[in-house]
Ligand SMILES: [Fe+2]
Ligand SMILES: [Fe+2]
C-alpha cells in the first residue's frame, strides 16, 4: 500500500506547474529550517507536500468542499474562499490521504493565516511558504525573514506577520483574525504579558 507521502507526491504531479515547483522549492527551504531547529524532517516534508493541495481549486469548489468536509467558514472566508485552502487541505489530508498527525494537520491548516500559539513546525511551514526562492521573487522584503529564521523562529514569524499585515493594509485585502491573534500572541509573550 502506498504511503501518504507517495500518494501526495502522485497527487501533486497533477497540480499546475508553477504550484508544483513552489512546493518542490519549499520542501528544500523547510528542510533547511527543520535541520537548523531540530525538527523531524519527514514530518516537515509531509506538511509541505500537503500544504497547497487545495490551492489550485476555484473559489466555489473550495466553499463546496469546505461544506462537504464539515468545516464552518467564517465571514472572511466566505468573502475570500482562498483563505480556506489550508483548512480544506488539512481535512483532505486526514480523510483522503491517511495523514493523522495533528501537528502536521495544524501546520497545513494555518499556513496562510498563522494563529496564536503556533508550534515550531507551524512556524517553519508558515515562513518557508514565503521564503522559498520563488516566493522571495514576489515578496523580496521576506529575505529579512529568511535570515532571521535561521536563528530565531519567533523573531522571523513576527516580522513575517508584520509584513503580511502591512501588505493586506496596503492592498486593501481582508485581514484574517487569526493573523492578528498570531501577532498579538507573540508580542504579549515578548512583553511578558
Ligand atoms: Fe498556500
Ligand atoms: Fe504555498
- line: Burial-style ranking of 42-48, 95-101, average other-beta-carbon count within 10 Å with highest first, yields 42-48, 95-101
- prompt: So how much slack lies between residue 151 and residue 6, counting 0.36 nm per residue of separation and subtracting their Cα-Cα distance, in nm?
  reply: 49.0 nm
query: Relative to the present Cα-Cα distance, how much length would full extension add between residue 100 and residue 175 at 0.36 nm per residue of separation?
result: 24.1 nm
message: With the crude spin-label approximation of a point 7 Å out along Cα→Cβ, what separation in nm comes out for residue 69 versus residue 19?
response: 1.2
- line: The FRET efficiency for residue 28 and residue 138, from their Cβ-Cβ distance with R0 = 22 Å and rounded to 0.05, is 0.80
- prompt: If you find the alpha carbon centre of the range 51-70 and of the range 118-193, how far apart are they in angstrom?
  reply: 24
query: How large is Rg over Rh for the chain, taking Rg from the Cα atoms and Rh as the Kirkwood inverse mean of 1/r across Cα pairs?
result: 0.94
The chain, relative contact order in percent, only Cα pairs under 8 angstrom and at least six apart counted: 20
- line: Fewest-first ordering of 164, 143, 119 by Cβ atoms within 10 Å yields 143, 119, 164
query: Quick one: if the Förster radius is 35 Å, what FRET efficiency do residue 193 and residue 119 give, using the C-beta to C-beta distance and rounding to 0.05?
result: 0.95
message: How far apart, in nanometres, would the label points at residue 58 and residue 168 be if each is projected 7 angstrom from Cα along the Cα-to-Cβ direction?
response: 2.7
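Where a number appears in this text, it was derived from the coordinates with a stated rule and is not lab data. In this text, all values refer to a predicted model and were calculated from it rather than measured experimentally. Methodologically, a virtual Cβ is constructed for each residue, glycine included, from the backbone with ideal geometry; neighbour enumeration extends over all protein chains shown.
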